[in-house]
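Enquirer: Dropping a structure here in structure tokens format, bear with me for questions.
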Amino acid sequence: MLRHIVLFKKKPELAQDLALEERVYVGLKRLDQVVDLIKSWRMSKNELSRPVCWDYVLESEFETEEDLKTYLIHPEHLKLMDDIKCYFDIAVVDYYF
């Protein structure tokens, strides 16, 4: 199994856009319902206000690297990427377990 972790943090130079954040959060939260290659999926908001914290975390699992690659080009995932890239800094870790 391959675990895919993504951290999201609003870019510091941008004003907060709660509507955009909610749209991305809801969109990501439901992707496991439309992409059947996803084996495990959890999208969560940060709950503590500390400078080292990121705003959101996506924790997901895939059987193979090929499944992850297929997910990354899935139309539902790509629809969210414009908003994600323009508004959030992201950090990604992919590892086998």
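The values are calculated or read from the model by the stated rules, or taken from the named source; none is laboratory data. Not measured: the values here are computed from a predicted model. With ideal geometry, Cβ positions are generated from the backbone for all residues, glycine too; neighbour counts draw on all protein chains shown. Each accessible area value is taken on the protein alone, full model and side chains, heavy atoms only, with ligands, DNA and RNA left out. Shrake-Rupley method; radii C 1.70, N 1.55, O 1.52, S 1.80 Å.
Enquirer: If you go through the stretch 55-79, how many residues are exposed (fewer than 15 other Cβ atoms within 10 Å of the Cβ), part of a helix (DSSP H, G or I) and of a type in the set (A, V, I, L, M, F, W, C)?
Expert: 2
Enquirer: I've got another one for you. Any residue at all in the stretch 2-10 that is in a loop (DSSP other than H, G, I, E, B) and either exposed (fewer than 11 other Cβ atoms within 10 Å of the Cβ) or aromatic (Phe, Trp, Tyr) (or both)?
Expert: No: zero hits.
Enquirer: Inspect the stretch 88-96 for any residue being open to solvent by less than 30 Å² (accessible area, probe 1.4 Å) and not hydroxyl-bearing (Ser, Thr, Tyr) and give the result as yes or no.
Expert: So far as the stretch 88-96 goes, yes, one or more of its residues are open to solvent by less than 30 Å² (accessible area, probe 1.4 Å) and not hydroxyl-bearing (Ser, Thr, Tyr).
Enquirer: Yes or no: Glu21 at pLDDT 95 or above, open to solvent by less than 90 Å² (accessible area, probe 1.4 Å), acidic (Asp, Glu) and over 24 Å from Phe97 (Cα atoms)? Even if it seems obvious, please write down each step before you answer.
Expert: Working: at pLDDT 95 or above: yes; open to solvent by less than 90 Å² (accessible area, probe 1.4 Å): yes; acidic (Asp, Glu): yes; over 24 Å from Phe97 (Cα atoms): yes.
So Glu21 passes the test.
Enquirer: Check whether at least one residue in the stretch 35-48 is assigned to a strand (DSSP E or B), in contact (Cβ under 8 Å) with a residue 40 or more places away in the chain, of a type outside the set (Val, Ile, Thr) and surrounded by fewer than 17 Cβ atoms within 10 Å (Cβ to Cβ), and report yes or no.
Expert: No.
Enquirer: When residues of the stretch 30-49 are filtered for being among the aliphatic types (A, V, I, L, M), under 18 Å from Glu63 (Cβ atoms) and in contact with a strand residue (DSSP E or B) (Cβ under 8 Å, 6 or more places away or on another chain), how many remain?
Expert: Total meeting the criteria: 3.
Enquirer: Based on this model, can you work out whether Val52 counts as assigned to a loop (DSSP other than H, G, I, E, B) and open to solvent by 50 Å² or more (accessible area, probe 1.4 Å)?
Expert: yes
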